[in-house]
Amino acid sequence: METAEFETDLSLFKYDNLEQLPPAYRELGEDERTERIETALEALGDDVVILGHNYQRREIVEHADFIGDSYQLSKEAANSDADYVIFGGVTFMAESADIITDDSQSVILPSMEASCPMAGMAEALQVDAAWAELTAETDDEIIPITYMNSYADLKAFCAEQGGLVCTSSNAHKAFEYAFEQGDKVLFLPDKHLGENTAYRLGMESETVDWDPWDPDGTDAATAVDNDIILWEGYCQVHERFREHHIDGIRAEYPDANVIVHPECRREVVEAADLSGSTATICETVENADPGDTWAIGTEIHLTYHLQRWHPEVNVVPLCGDACMDCNAMRQIDPNYLTWVLEELVDGRERNVIEVAPEEKELAKVALDRMLEI
Ligand code: 13P
Ligand code: SF4
């Protein structure tokens, strides 16, 4: 089978041409910064919309027009007619916004360093080579599904091979779609979300972890004996949670409920009461009865937000002080937000994320397939 060819590079920061923060913005205090952000937003009016992922720090979500999970924010981007979409999130989210907004709109990622490490674990260049190896071993049709947490070139690759994108809230539907189209699924890049989805569909015995570069791991010929092939990617923030953290919470708060993100390990999701996207986590706490205890197994900023937004609920981090923040999300510094907004007021667009046109068209196909399931 022929493989697609992509003009792409392997790099830690997908957009390492984006600009650094000018020195004059590095030491702003919170009061001055807030005042300057508000002044800039007033001047820009409806020309600008700020989208904030649930993992962004307080100083960013406070200025966001919409706060949500990656699926909700991509829908908000698609519905917005603002000239400038400022994305408080990570690179793959800003890319998705650029793919689904009009060409006349600009998507701005305030800081260049907000690159999700998990997205970097499955670069299109690598997947393309691995795909050739895998498809050479079987006549069965393999459908690639990529998690939203991936770069635009991988989304384009999936579209070209008959596959699609999914988020943590619709991964099960994407699997069902894929099994209607073909015989097997290659799921990228998050092996835990893939495994948790396989369990949800009762297909746990048909999965295999596959790392094409591990000489001691499963080889391609063996991998294709399974219906669900899981790429060896993971999120460091979510892998940290272990079953003993849930045991500890249940010992400390006997009535506690536990909710975790499906990027957590299988055994953690199984030991929790619920699992779901960051939007599901928010809704669960919002609907909790006053006095209930909810332990949250996800990025720590969301837990802090939930504590502020719902003081009537006892919201606790699942692994206490050991819970992590996401280093990529943290790069969206409020000083950067001030800078990109003030530059827009002066007529200059900084740190615009622009997906290459040929990738954009195909990646949109993969995203549209997701929006249709
Ligand atoms: P959500 O789609 O649930 O917001 O998750 C995004 C993410 O990066 C989780 O680590
Ligand atoms: Fe990526 Fe994990 Fe951060 Fe989500 S929490 S953006 S998956 S590193």
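Could you please give the count of residues in segment 308-343 that are more than 22 Å from Arg58 (Cα to Cα) and in contact with a strand residue (DSSP E or B) (Cβ under 6 Å, 6 or more places away or on another chain)?
The qualifying residues number 0.
For Glu195, state whether it is open to solvent by 40 Å² or more (accessible area, probe 1.4 Å) and within 16 Å of ligand 2 (Cβ to nearest atom).
Values: open to solvent by 40 Å² or more (accessible area, probe 1.4 Å): yes; within 16 Å of ligand 2 (Cβ to nearest atom): yes.
It is true that Glu195 is open to solvent by 40 Å² or more (accessible area, probe 1.4 Å) and within 16 Å of ligand 2 (Cβ to nearest atom).
Collect the residues in segment 328-350 that are within 18 Å of Gly88 (Cα to Cα) and free of Cβ contacts under 8 Å to residues at least 24 places away in the same chain, keeping them in residue-number order. Show your work before the answer.
Let us first name the residues in segment 328-350 that are within 18 Å of Gly88 (Cα to Cα), namely 328-344, 349-350.
Within segment 328-350, just Glu343 meets the criteria.
Please find, among Ala295, Ala271, the residue that is open to solvent by 10 Å² or more (accessible area, probe 1.4 Å) and among the small types (Gly, Ala, Ser). Before the answer, list the steps.
Details: Ala295 fails: open to solvent by 10 Å² or more (accessible area, probe 1.4 Å).
Testing whether each residue is open to solvent by 10 Å² or more (accessible area, probe 1.4 Å) and among the small types (Gly, Ala, Ser) leaves just Ala271.
List every residue pair whose Cβ atoms lie under 8 Å apart, where the two residues are 6 or more positions apart in sequence or sit on different chains, the first residue falls within segment 236-253 and is touching a residue at least 24 places away in the same chain (Cβ under 8 Å) and buried (at least 22 other Cβ atoms within 10 Å of the Cβ), and the second residue, located anywhere, is polar (S, T, N, Q) and not in a helix (DSSP H, G or I).
Val237/Thr298; His238/Thr298
Confirm whether Asp289 is more than 14 Å from ligand 2 (Cβ to nearest atom), touching a strand residue (DSSP E or B) at 6+ places or on another chain (Cβ under 8 Å), of a type in the set (D, E, K, R) and open to solvent by 30 Å² or more (accessible area, probe 1.4 Å). Walk me through how you get there before you give the answer.
Numbers: more than 14 Å from ligand 2 (Cβ to nearest atom): yes; touching a strand residue (DSSP E or B) at 6+ places or on another chain (Cβ under 8 Å): no; of a type in the set (D, E, K, R): yes; open to solvent by 30 Å² or more (accessible area, probe 1.4 Å): yes.
Taking the combined requirement at face value, the residue does not satisfy it.
Does Ala156 qualify as being of a type in the set (Gly, Ala, Ser), touching a Leu at 6+ places or on another chain (Cβ under 6 Å) and within 16 Å of ligand 1 (Cβ to nearest atom)?
No; evaluated as a whole, the condition is false for this residue.
Using the structure shown, decide if Glu342 is in a helix (DSSP H, G or I) and open to solvent by 50 Å² or more (accessible area, probe 1.4 Å). Give the derivation first.
Working: in a helix (DSSP H, G or I): yes; open to solvent by 50 Å² or more (accessible area, probe 1.4 Å): no.
Judged against the criteria, Glu342 is not a match.
So which of Arg57, Arg33 is among the basic types (Lys, Arg), closer than 30 Å to Ala171 by Cβ and open to solvent by less than 70 Å² (accessible area, probe 1.4 Å)? Before the answer, list the steps.
Values: Arg33 fails: closer than 30 Å to Ala171 by Cβ.
Of the residues listed, the single one that is among the basic types (Lys, Arg), closer than 30 Å to Ala171 by Cβ and open to solvent by less than 70 Å² (accessible area, probe 1.4 Å) is Arg57.
Answer yes or no: is there a residue in segment 117-139 that is closer than 25 Å to Arg330 by Cα and away from ligand 1 (no atom under 16 Å from the Cβ). Outline the logic, then answer.
Step one: of segment 117-139, the residues closer than 25 Å to Arg330 by Cα are 117-123.
Now restrict to residues that are away from ligand 1 (no atom under 16 Å from the Cβ): 123.
Yes, there is a match, as at least one residue in segment 117-139 is closer than 25 Å to Arg330 by Cα and away from ligand 1 (no atom under 16 Å from the Cβ).
Which members of segment 14-59 meet the condition of being more than 26 Å from Lys75 (Cβ to Cβ), modelled with pLDDT of 95 or more and either polar (S, T, N, Q) or within 23 Å of the chain's Cα centre (by Cα) (or both)?
Thr34, Thr39
Given the residues Glu76, Glu32, Glu38, Glu42, which is the only one that is away from ligand 2 (no atom under 16 Å from the Cβ), closer than 30 Å to Pro262 by Cα, out of contact with any helix residue (DSSP H, G or I) (no Cβ under 7 Å at 6 or more places or on another chain) and without any contact (Cβ under 8 Å) to a residue 60 or more places away in the chain?
On the way: Glu32 fails: closer than 30 Å to Pro262 by Cα; Glu38 fails: closer than 30 Å to Pro262 by Cα; Glu42 fails: closer than 30 Å to Pro262 by Cα.
Being away from ligand 2 (no atom under 16 Å from the Cβ), closer than 30 Å to Pro262 by Cα, out of contact with any helix residue (DSSP H, G or I) (no Cβ under 7 Å at 6 or more places or on another chain) and without any contact (Cβ under 8 Å) to a residue 60 or more places away in the chain holds for just one of Glu76, Glu32, Glu38, Glu42, which is Glu76.
Within the group Ala97, Ala114, Ala64, Ala119, which residue is among the hydrophobic types (A, V, I, L, M, F, W, C) and either open to solvent by 20 Å² or more (accessible area, probe 1.4 Å) or more than 16 Å from ligand 2 (Cβ to nearest atom) (or both)?
Values: Ala97 fails: either open to solvent by 20 Å² or more (accessible area, probe 1.4 Å) or more than 16 Å from ligand 2 (Cβ to nearest atom) (or both); Ala114 fails: either open to solvent by 20 Å² or more (accessible area, probe 1.4 Å) or more than 16 Å from ligand 2 (Cβ to nearest atom) (or both); Ala119 fails: either open to solvent by 20 Å² or more (accessible area, probe 1.4 Å) or more than 16 Å from ligand 2 (Cβ to nearest atom) (or both).
None of the others qualify; the one that does is Ala64.
Would you pick out the residues in segment 323-339 that are within 16 Å of Pro22 (Cβ to Cβ) and near ligand 2 (Cβ under 9 Å from one of its atoms)?
none
Looking at Leu164, Leu188, which is the one that is open to solvent by less than 10 Å² (accessible area, probe 1.4 Å), under 22 Å from Ala94 (Cβ atoms), at pLDDT 95 or above and more than 16 Å from ligand 2 (Cβ to nearest atom)?
Leu164
Just to be sure I understand the filter: pairs with C-beta atoms under 6 Å, separated by 6 or more residues or on different chains, first member in segment 51-67 and in contact (Cβ under 8 Å) with a residue 24 or more places away in the chain and in a strand (DSSP E or B), second member within 13 Å of ligand 1 (Cβ to nearest atom) and open to solvent by 20 Å² or more (accessible area, probe 1.4 Å). Which pairs pass?
Leu51/Phe66; Leu51/Glu76; Gly52/Ile67
Does Thr197 satisfy being among the polar types (S, T, N, Q), closer than 30 Å to Asp292 by Cα and part of a helix (DSSP H, G or I)?
On the way: among the polar types (S, T, N, Q): yes; closer than 30 Å to Asp292 by Cα: yes; part of a helix (DSSP H, G or I): yes.
Answer is yes for this residue.
Quick check on segment 250-261. Is at least one of its residues in a helix (DSSP H, G or I), away from ligand 2 (no atom under 16 Å from the Cβ) and within 19 Å of the chain's Cα centre (by Cα)? Steps first, answer last, please.
Within segment 250-261, the first condition is being in a helix (DSSP H, G or I), and the residues that meet it are 250-252.
Within this subset, residues satisfying the condition of being away from ligand 2 (no atom under 16 Å from the Cβ) are 250-252.
Those still in the list that are within 19 Å of the chain's Cα centre (by Cα) too: none.
The answer is no; no qualifying residue exists.
The values are calculated or read from the model by the stated rules, or taken from the named source; none is laboratory data. Keep in mind it's a predicted model, so treat the numbers as computed, not measured. Note that we place each Cβ from the backbone using ideal geometry, even for glycine, and neighbour counts take in every protein chain shown. Accessible surface areas use protein heavy atoms only, side chains included; no ligands, DNA or RNA. Shrake-Rupley method; radii C 1.70, N 1.55, O 1.52, S 1.80 Å.
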